[in-house]
Amino acid sequence: MPHRLLGYLSVRDWKTRLIFWSGAFVVGGVAAGFTLASNWVMGLHERILDHSRWWTFLLSPLVLVLVLFLTRYVFPSTQGSGIPQAIAALRSRNDRMRRNVLSLRIAFGKILLTLLGFVGGASIGREGPTVHIGASVMYSLGRFTKFPPNYLRHGLITAGGAAGIAAAFNTPIAGIIFAIEEMARFYEEKATGMLLVAVIISGVVALGILGNYTYFGVTSASFTHAKDWIAVPICGAIGGLLGGLYSQVLISGMRKLRPLFGKYWLLIALGCGLLIAVIGLISHGATYGTGYVQARHVLTGDAAMSFGFPFYKILANLVSYYSGIPGGLFSPALAAGAGLGADLAPLMPFAPVATVVLLGMVSYFTGVVQTPLTAAVIVMEMVNDQAMIFPILAAALIALGASKLVCRRPVYWALAEEFLDTSPEDKPESGTTTDAAAANTDGSQS
């Protein structure tokens with residue numbers, strides 16, 4: 001007992017705790033500020049195009065060239081979602097690579113370049129970048145104290161990523177589940193306390209800045225009749241297959257484009273910028289940015305979207321990711337899933353439209369990222385009816401199985417492997433090989 005009491009009074013231990021708590025506090029504040037800045041920047045893009053929608057053909061290509069230039073020569077390792085970089089840092093045994101991928105400089109670059117991407121109308125999300133930012137902040141601050149090496153590598157990175165998701169979506173449970181389900185498939189029980197504390201602190205800070213809110217609003221989705229269950233396998237299968245196809249195309253396309261970036265990055269940026277402008281023009285501006293506004297309108301029934309919206313959104317998100325600029329998949333996938341549900345609703349007139357939209361959202365999102373529990377928890381936060389829990393979980397599990405028919409590897413882990421392959425001297429951590437990781441996801445994601 002005296003030894004335990006002395007441990008609680010240890011100056012070194014309290015220094016460690018304070019640095020850890022400070023990191024979680026900073027992550028929450030940064031995530032909230034990033035949200036506000038993203039909304040303002042996307043509004044700026046809209047105001048520019050209000051003068052003339054044709055400005056998009058100048059704005060998108062030029063901004064993408066600028067962002068890709070900064071990504072390649074000023075802030076390397078900021079490209080893409082950021083979740084693959086966090087996973088690669090967890091798996092890597094190369095401390096030098098880990099420091100290059102997770103640093104305060106990288107966190108700053110991720111924020112700046114993602115915001116610039118929104119100015120250019122790129123169809124990207126901010127949740128993946130927030131995970132990268134959270135992991136970078138926690139890992140960087142953790143280097144100022146003597147955390148045990150294993151905690152420093154796993155606990156801080158995982159906790160930072162979880163805090164980022166929790167603060168970005170205002171869903172603390174989803175942050176914890178995402179950290180366990182996606183980022184840490186070799187999760188350690190000892191890190192539980194760190195994870196919970198980080199999520200609580202960052203979530204409280206974000207709530208204090210942004211207020212208590214539901215990310216996409218509250219929907220009236222509910223199951224009123226037994227036949228409504230017919231919508232579950234239909235949405236689950238179609239959403240899962242489409243999401244898996246998207247992931248497979250994304251992985252294959254990035255593998256083919258990567259060797260070309262060194263010599264033709266300027267042409268790639270210009271081409272992708274022009275494609276973003278064309279898709280935006282055809283969709284009447286619905287594909288620019290995160291897709292948050294469009295998904296919210298579909299869910300709450302405030303406005304109807306065109307039949308082609310989910311497909312335009314998927315294509316715009318693919319092109320944005322192919323360009324190599326920073327930006328995530330979360331919000332675009334949720335928006336495309338909501339649009340898919342709206343398209344499927346007329347085929348099932350017996351079910352409430354809001355219910356089909358919700359099932360389409362969780363199914364497509366699960367198909368893309370193959371994390372059914374995270375998808376279900378994020379979506380369930382928007383529903384007041386407890387009866388929707390089981391339909392949402394069932395649709396997510398069906399979507400997972402359908403997705404794996406066309407894409408065996410989860411997209412973030414496949415991209416993390418590609419990222420690690422760019423460092424020939426670096427190899428995944430022993431005991432978590434590529435095959436093992438893939439096998440780990442065949443049956444269950446938890």
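With 0.36 nm allotted per residue and the present C-alpha distance subtracted, the residue 278-residue 40 stretch has 83.3 nm of extension available.
Each peptide in 407-418, 286-297, 347-358 gets a packing score, the mean of other Cβ atoms within 10 Å over its residues, and the list from highest to lowest is 286-297, 407-418, 347-358. Taking amide hydrogens as placed 1.01 Å from N in the peptide plane, the amide H of residue 80 sits under 5 Å from those of 325, 327, each at least 5 positions away in sequence or on another chain. Count Lys and Arg as plus one, Asp and Glu as minus one, and take only other residues whose Cβ is under 10 Å from that of residue 75; the net charge is then +3. Taking 0.36 nm per residue of sequence separation and removing the Cα-Cα distance, the residue 209/residue 418 pair yields an extension gain of 71.6 nm.
Residue 56 sits among other residues whose Cβ lies under 12 Å from its own Cβ, and their net charge, with Lys and Arg +1 and Asp and Glu -1, is -1. Estimated from the Cβ-Cβ distance and a Förster radius of 41 angstrom, the FRET efficiency linking residue 72 and residue 390 is about 0.30. Reported value for region 65-166: 83 Å³ per residue, from the convex hull of its C-alpha atoms. Applying D = kT/(6 pi eta Rh) to region 226-426, where Rh is the Kirkwood radius over alpha-carbon pairs, T corresponds to 10 °C and eta to 1.306 mPa s, the Stokes-Einstein value obtained is 92 µm²/s.
Relative to the current alpha-carbon distance between residue 51 and residue 304, full extension at 0.36 nm per residue lengthens the span by 88.6 nm. Centroid-to-centroid, using Cα positions, region 224-293 and region 69-130 are 20 Å apart. Note down the net charge around residue 347, summing +1 for each Lys or Arg and -1 for each Asp or Glu among other residues with Cβ under 15 Å from its Cβ. Spelling it out: positives minus negatives among the neighbours equals -1. Label-to-label distance for residue 350 and residue 58 is 5.6 nm, based on points extended 7 Å past Cα in the beta-carbon direction.
Read the figures in this text as sums done on the coordinates, not as results from a lab. Predicted model only: the values in this text are computed from it and were never measured. Counting neighbours? That spans all protein chains shown, and the Cβs are built from the backbone with ideal geometry, glycine included.
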